[in-house]
Amino acid sequence: MKKIIYSFAVLLAAAFILAISPSCTKTVTNTVTDSLKHAWQQVQEFNLTTTQALTSVNIGDSILEVGSGDLFAQAPVNRGSFNYFYWVLMQGTSFYSPSNGTPFLNGKFCSYATATTLYVMKASPGDQHLIVAYTPVFSDSIYNSFNQPYLAYPTSSSPSPAYPIVHNKYVLTPVETYKNNQGRVRFDLLNFDSIAPYASFGVLDTPTVKKIYLTPAPGTIGFFNGGYYCASYYNKFFVYFESQFYRIDTAGNVKSFGYTPASYTKNYGISNMFTYGNTLFVNSGGIFFSSTDQGETWSVLNDFSNTGVGSLLFRNVGNDLYATANDADSQLWKVAISGNNLNFSELNNDGLQTNPITSITPCGKYIFITTLSGVFYRDRTLFDQLKTPIR
């Protein structure tokens with residue numbers, strides 16, 4: 001085969017001619033996309049400390065706070081870079097002994113419980129320390145304990161933390177059932193001083209405790225195995241305990257509803273609540289109950305329990321509503337409620353697959369999704385991008 005050799009001088013001359021010759025052709029710019037880059041990218045800074053990310057919150061639209069079962073971490077969100085900021089160990093927990101259920105974070109506090117004690121820590125930027133460690137006194141120390149089996153639900157199956165805080169000073173916890181009275185359960189409502197100056201010096205606050213005794217609603221047979229769930233809306237606690245549903249306010253007033261918020265023949269438990277506009281919803285395995293008076297009265301919206309809707313979790317993100325599949329496929333939908341029907345638009349989840357979703361939080365110009373495999377993000381303006389074969 002003959003070799004063809006071009007001299008450097010010839011190549012240089014050719015380049016010079018091309019440079020000075022007037023162009024008479026149309027310039028075509030080809031945009032080359034990186035086919036290996038996923039729509040959702042992982043935030044590597046969180047990998048060392050929050051692999052099992054269970055919840056997240058936006059602080060001032062500039063700091064992302066992420067919580068796991070044994071610590072919470074904060075990172076500033078600035079100009080597209082996520083410089084790891086700091087992490088704080090949750091008192092009383094460890095990697096091998098995490099908290100029960102999902103911790104509560106609101107940018108100011110972190111609340112959670114171990115097998116013996118309920119904790120509240122300050123969790124605002126530059127101010128993180130323990131302020132409450134509450135170990136209840138039981139009526140019968142032999143048979144009753146603070147072991148919280150109902151709070152150890154699979155963390156990916158419920159987007160709600162076990163111990164929400166209302167008005168930055170009230171937190172509610174189940175305490176004990178009674179061996180001689182299966183129709184009674186004790187809850188403790190704690191009122192702690194969130195601004196006590198001595199808390200900064202390592203002296204814990206002693207909360208005011210109000211004992212609340214719950215009984216089954218009239219016409220029901222009582223408590224039986226049905227799990228535990230607690231959420232807060234309109235500065236009130238909504239509790240589902242062993243197949244009984246309650247609303248409890250910060251004065252300790254209780255309203256009981258029975259097995260479901262409104263009378264219905266089927267009951268699949270409660271582990272998901274959300275709002276849409278001015279309406280509060282309960283999702284009971286695909287049976288939707290709605291309330292337009294902040295949970296005072298309820299009605300049945302529709303029964304989707306025979307469809308795939310029953311396996312979805314509904315999550316508020318700002319003023320919008322989204323749903324995620326409770327599995328490893330990380331499917332993601334934007335949801336609209338029209339009358340008594342639901343409309344779903346499946347969104348691009350490229351990069352999230354095989355990562356069960358635990359929370360969705362906007363912060364800065366990005367949307368963050370926490371999963372059991374880490375924290376992921378993408379541009380906020382692309383969050384509602386529909387799922388298509390093209391990334």
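Odds and ends about this structure:
- Amide proton proximity set for G258, modelled H, under 5 Å, gap of 5+: A217, F245
- Positive-end ranking of F281, L321, N340 along the dipole of region 277-391, with charges on Cβ about the Cα centre, is headed by L321.
- Cα gyration tensor shape for region 234-391, rounded if a/c is under 1.5, else prolate or oblate: prolate
- Three-way shape call for region 210-313 based on the alpha-carbon gyration tensor, with the a/c threshold at 1.5: oblate
- 3J(HN,Hα) couplings calculated from phi for region 243-255 with the Karplus curve 6.51 cos²θ - 1.76 cosθ + 1.60 (θ = phi - 60°) are, in sequence order, 6, 10, 10, 9, 10, 10, 9, 6, 8, x, 6, 10, 10 Hz; Gly and Pro show x.
- Shape category assigned to region 275-336 from the gyration tensor of Cα positions, a/c cut at 1.5: oblate
- Distance between region 228-307 and region 122-142 - C-alpha centres, whole angstrom: 28 Å
- Ascending count of other beta-carbon atoms within 10 Å, so fewest first, for V77, V171: V77, V171
- Too-long pairs where the Cα-Cα distance tops 27 Å, listed order kept, from K37/K334; K210/K266; K179/K210: K210/K266
- Ranked list, fewest to most other Cβ atoms within 10 Å of each Cβ, for W298, W87: W87, W298
- Stretchable slack from D140 to S305, in nm (0.36 nm times residue separation minus alpha-carbon distance): 55.3 nm
- Our estimate of slack between Y178 and S263, defined as 0.36 nm per intervening residue step minus the Cα-Cα distance, is 27.8 nm.
- Residues E176, E296, ranked from the fewest to the most other C-beta atoms within 10 Å, line up as E296, E176.
Any read-out appearing in this document is the output of simple, stated calculations on the displayed coordinates, not a laboratory observation. None of the values given here were measured: they were computed from a predicted structure. Every residue, glycine among them, receives a Cβ derived from its backbone with ideal geometry; neighbour counts consider all protein chains shown.
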